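The values are calculated or read from the model by the stated rules, or taken from the named source; none is laboratory data. Here the structure is a predicted model, which is why all the values come from computation and not from measurement. FYI the Cβ positions are ideal-geometry reconstructions off the backbone, even for glycines, and counts take in every protein chain you see. In case anyone asks, the SASA skips ligands and DNA or RNA and just uses the protein heavy atoms, side chains included. Shrake-Rupley method; radii C 1.70, N 1.55, O 1.52, S 1.80 Å.
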Amino acid sequence: MPIVVRLDVELAKRKIGVGEFADQVGLTPANLAVLKNGRARAIRFSTLEAICRVLECQPGDLLEWVEE
């Protein structure tokens, strides 16, 4: 998939655990794992907004297009 999710990088930079982050964003740890591991096929803008709000980042910090 040419879109790479860099959520794990942003979490590591901020030293935030997955469980704590899931609570802050309002996702289940299982759904967050699907997103973090790049297995998600879609993301709601409201979820992306919540992630960016908690991490204080831009969507481009989380998503990257990589040529196949």
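Summary of computed values
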quantity	calculated
Mean Cβ neighbour count within 10 Å, used as a protection proxy, ranking 5-18, 41-54 highest first	5-18, 41-54
Total formal charge among the other residues, if their Cβ is under 13 angstrom from that of residue 62, Lys/Arg +1 and Asp/Glu -1	-1
17 Å tail of the calculated P(r), segment 10-68, as % of Cα pairs	35
Spin-label model distance (nm) - residue 6 vs residue 67, 7 Å beyond Cα toward Cβ	1.8
Amide H within-cut-off set for residue 63, under 5 Å, with H built and near neighbours excluded	6
The chain: angle of helix 45-55 to the longest principal axis, Cα-based, in degrees nearest 10	60
Helical mean residue ellipticity (222 nm; -39500 (n - 2.57) per DSSP H run of 4+; nearest 500) of the chain	-15000 deg cm²/dmol
With every protein chain in place, the chain: carbon and sulfur % of accessible area (1.4 Å)	52
Sites residue 13 and residue 53 - FRET efficiency at Förster radius 22 Å, r taken between beta-carbons, to 0.05	0.85
Simple Cβ-charge dipole of segment 1-57, Lys/Arg +1 and Asp/Glu -1, about Cα centre, in debye nearest 20	180
Options 18, 48, 4, ranked by Cα towards positive dipole end of the chain, top entry (Cβ charges)	18
Net charge of neighbours whose Cβ lies under 10 Å from the Cβ of residue 52, counting Lys and Arg as +1 and Asp and Glu as -1	-3
